[in-house]
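Okay, so here's the structure we're looking at.
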Amino acid sequence: MKLGRIGEPQISPDGKSIVFTLQTVDLEKNAKPRQIYIVPVEGGEPKAITQDGTANERPRWSPDSKSVAYVSNRSGSSQIWLMDADGANAKQITNLSTEASGVVFAATGETLLFTSDVYPECAGDACNKTKLEAEKASKSKARVYTSLLYRHWSDWEGARRKHLFLVPTAGGTPKDLTPGRNHVPPFSLGGPDDYAIAADGKEVCYVMNADADQALSTNSDLYVVPAEGGEARRVTLSSGADNAPVYSPDGRWIAYRSQSRAGYESDRWRLMVLERASGRSTVLTDNLDRNVNAMTWSQDSKRLIFSVEDRGRTSLQMMPATGGASKILVTGAGHLDDVQFSSDGKTMVYTEQNGSSPAEIYKVSSGGGTAQPLTKINQALLAEYALSPLEDFYTKSSGDARIHSFVVRPPDFEAKRKYPVLFLIHGGPQGAWGQSWSYRWNPQVFAAAGFVVVMPNPRGSTGYGQKFTDDINADWGGKVYEDILAVVDNAASQSWADTDRFAAAGGSYGGYMVNWMLGHTNRFKAFVSHAGVFDLKSMARETEELWFVKWEFGGMPWENPDVYEKWSPSNFVNDFQTPTLVIHGEQDFRVPMGQGLQLFTSLQMKKVPSKLLLFPDEGHWILKPQNTMVWYNSFIEWITEWTPKK
């Protein structure tokens with residue numbers, strides 16, 4: 001809670017400064033205020049350039065490096081602001097009743113691109129304001145729906161839709177680039193990294209899923225629209241997801257990421273380039289069996305630099321825009337992100353973090369050399385604590401699968417002592433534990449409580465090849481369970497493991513695996529199941545993104561009932577014996593609260609020691625500071641109670 005959280009670094013076009021956001025935690029106010037800071041590329045102390053408001057974010061440089069656009073709630077609502085590079089002369093650019101977010105500075109410096117959630121039938125803000133006031137004043141809060149995806153993550157679907165707007169940097173009336181009812185499907189437009197404006201300022205590219213049934217489709221595509229307004233045109237045709245468009249500086253190309261398989265959110269992300277003149281798309285990374293994540297262009301538009309997840313770590317690679325072999329630029333023991341170059345191409349800046357250190361900003365010469373930290377926000381604080389490095393731990397499982405895990409030892413670890421062991425199971429299920437810092441499920445916290453922490457990446461995990469990821473499809477309790485027990489066996493053979501004091505915990509799919517193990521093994525003294533899937537049939541009927549369950553289980557319960565029956569933890573309640581803490585957010589629509597209630601009811605009816613911890617104001621993740629404290633303390637108290645020293 002004391003750590004400063006760095007985000008959104010942006011190097012100025014002149015290469016002299018970096019702006020970034022810094023989020024802190026105010027426990028007393030139960031808030032996480034965020035301000036914007038600046039640091040010289042040549043080195044120096046970061047300086048806050050915003051003080052007003054509690055949510056200042058998305059800083060973006062003007063082309064001349066003299067001003068910064070950003071999003072702030074300093075006037076009481078989320079709006080676009082513009083300030084000098086030193087924070088002076090802040091000016092509010094928008095004043096929309098529907099608020100504004102996700103600002104992008106056009107390379108011409110003349111306009112700002114942003115989004116606002118508006119009523120699609122409204123032609124201006126006066127109409128939006130009237131409808132908002134009527135909705136707020138209504139004494140009935142009833143909701144009526146006639147289609148699916150009527151709720152998403154932790155929000156109920158309303159009448160508003162996300163639209164793209166352009167506004168002059170001098171201020172004025174924003175222009176809606178996506179007007180009318182052409183975006184009636186809910187949640188159609190992508191996130192803040194899913195739209196961009198061409199270098200000449202004449203065209204905007206954005207991501208939209210236009211399929212009629214959003215609950216069953218991952219088919220987002222790229223669209224382009226003239227900056228002056230007009231008809232939008234679809235420019236990609238993949239049946240899977242296309243996202244994250246980035247125009248090349250010379251305007252010739254649009255780079256983006258693409259998945260080929262429809263309805264599969266965990267398909268391999270490939271790097272693509274679209275030649276604007278011909279409309280032809282080319283796959284650049286077909287021979288790379290890893291996910292491509294964030295990307296950026298070299299200043300000469302000849303090369304693409306992108307990040308790749310590999311075995312719990314992230315590297316930066318470079319590839320010609322016309323195709324060819326990739327070259328590793330930076331690799332290490334951590335997670336690299338936010339890569340950017342100075343306008344002369346000589347300096348690269350990026351963020352780096354690992355399992356024992358949060359993200360900081362670094363710079364390095366593009367020609368190679370030793371990286372230099374530009375921020376040391378948390379250095380003094382971390383020096384007060386004993387943090388343990390994440391160590392690699394390999395296990396052979398069934399089918400000769402080699403399972404990679406991370407191990408975190410307690411502070412002042414003594415080789416001759418026996419320790420309780422906590423096994424953390426990640427969610428997704430197509431996710432992975434990595435060399436990155438986490439504010440949720442932080443292994444350092446559990447290690448400091450006296451546990452050796454083991455974090456397996458079983459089959460289904462990302463970063464080990466697409467087949468390894470696909471091995472979990474329609475096999476949720478099969479090979480993954482075998483892999484985890486193999487890791488448990490390996491840990492049990494270590495001199496530091498007290499085999500009578502094993503505990504396991506997981507969230508989302510990790511919670512599912514805890515629920516599955518409840519009915520299949522008695523090797524653990526305690527479980528923690530957070531937002532865990534318990535009954536597959538009811539889960540499929542309650543969750544919102546139905547393409548997920550259709551892919552994972554080969555259809556809905558009435559279409560493929562045998563798979564649902566085979567892998568549902570609810571069918572093995574008679575074998576439940578292990579004390580279990582059940583945690584759920586009441587606003588969780590991905591794994592709805594009913595899953596946790598069913599689990600707790602089953603445990604109580606079987607007289608298994610159990611506790612239910614509910615958060616009325618949280619969704620799938622526990623995010624509010626005071627709730628975070630309750631979550632960690634309840635978690636540690638539970639596993640400590642059931643793994644006492646002899």
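From largest to smallest, what semi-axes in whole angstrom does segment 369-493 give when each is the square root of 5 times an eigenvalue of its alpha carbon gyration tensor?
28, 20, 12
Inverting the mean 1/r over all pairs of different Cα atoms, compute the Kirkwood radius of segment 291-385 and quote it in Å.
It works out to 14.1 Å.
With 10 angstrom as the radius, rank His163, His584 by how many other C-beta atoms surround their C-beta, starting from the fewest.
The fewest-first ordering by Cβ neighbours comes to His163, His584.
For segment 207-252, build the convex hull from the C-alpha positions and give me its volume per residue in Å³.
Considering the Cα atoms of segment 207-252, their hull volume per residue is 92 Å³.
Taking neighbour Cβ counts within 10 Å as the exposure measure, how do His620, His152 sort from fewest upward?
With the fewest neighbours first, His620, His152 line up as His152, His620.
Along the charge dipole of the chain, which of Pro179, Gly619, Met513 sits closest to the positive end, that is, farthest toward it, with unit charges on the beta carbon of Lys, Arg, Asp and Glu (+1, +1, -1, -1)?
Farthest towards the positive pole: Met513.
Taking the Cα centre of segment 386-641 as origin, work out the dipole magnitude from +1 charges on Lys and Arg Cβ and -1 charges on Asp and Glu Cβ, in debye rounded to 20.
It comes to approximately 500 debye.
Share of antiparallel DSSP beta bridges in the chain, in percent to the nearest 5?
80 percent
Can you bin every Cα-Cα distance in segment 386-641 into 10 Å intervals starting at zero and give me the percent of pairs per bin, rounded to whole numbers?
Result returned by the calculation: 7, 33, 38, 19, 3, 0.
Can you find, among Ser495, Phe553, Ile425, the residue sitting farthest towards the positive end of the charge dipole of segment 386-641, where Lys and Arg contribute +1 and Asp and Glu -1 at Cβ?
Most positive-ward Cα: Ser495.
Among Tyr481, Ala447, Pro168, pick out the residue whose Cα is farthest towards the positive end of the charge dipole of the chain, where Lys and Arg carry +1 and Asp and Glu carry -1 on C-beta, about the Cα centre.
Most positive-ward Cα: Ala447.
How large, in Å, is segment 595-640 by the Kirkwood hydrodynamic radius built from its alpha-carbon pairs?
Hydrodynamic radius (Kirkwood, Cα pairs) of segment 595-640 is 11.9 Å.
Taking just the alpha-carbon atoms of the chain, what radius of gyration and Dmax come out, in angstrom?
Values for the chain (Cα only, Rg and Dmax): 25.1, 74 Å.
Can you report the principal axis dimensions of segment 113-195 using only the alpha carbons, biggest first, rounded to whole angstrom?
Principal extents (Cα only, largest first): 41, 29, 21 Å.
DSSP loop (so not H, G, I, E, B), at most 12 other Cβ within 10 Å: list which GluC sites (Glu not before Pro) in segment 225-305 pass both filters.
Glu228, Glu231
Looking at the chain, which Cys residues are left with no other cysteine's beta carbon under 4.7 Å from theirs?
Flagged as lacking a Cys partner: Cys205.
Among the lysines, select those whose C-alpha is under 20 Å from the C-alpha of Lys416, and discard any that sit fewer than 8 residues away in the same chain.
In chain and number order, the partners are Lys645, Lys646.
If the convex hull of the alpha-carbon atoms of segment 510-646 is projected onto planes in all directions, what is the mean projected area in square nanometres?
Average of the hull's projected areas for segment 510-646 equals 8.5 nm².
For segment 404-445 and segment 535-607, what is the separation of their C-alpha centers, rounded to whole Å?
Rounded to whole Å, the Cα centres lie 26 Å apart.
Given only helices, namely DSSP H runs of n ≥ 4 each adding -39500 (n - 2.57), what is the per-residue ellipticity at 222 nm of the chain, to the nearest 500 deg cm²/dmol?
-4500 deg cm²/dmol
Principal axis lengths of segment 52-146 from Cα atoms, whole Å, largest first?
49, 27, 22
About its Cα centre, what dipole magnitude does segment 291-385 give when the only charges are +1 on Lys and Arg Cβ and -1 on Asp and Glu Cβ, stated in debye to the nearest 20?
Value, rounded to 20: 300 debye.
So for Lys302, Lys139, fewest C-beta neighbours within 10 Å to most, what's the order?
Lys139, Lys302
Give, rounded to the nearest 20 debye, the magnitude of the charge dipole that the chain has about its Cα centre when Lys and Arg contribute +1 at Cβ and Asp and Glu contribute -1 at Cβ.
720 debye
Computed from the coordinates by the stated procedures, all read-outs in this text should not be read as laboratory data. What you see is a predicted model, and the numbers here were worked out from it, not measured in a lab. A quick note on method: Cβ atoms are made from the backbone with ideal geometry, for glycine too, and the neighbour counts reach across all protein chains shown.
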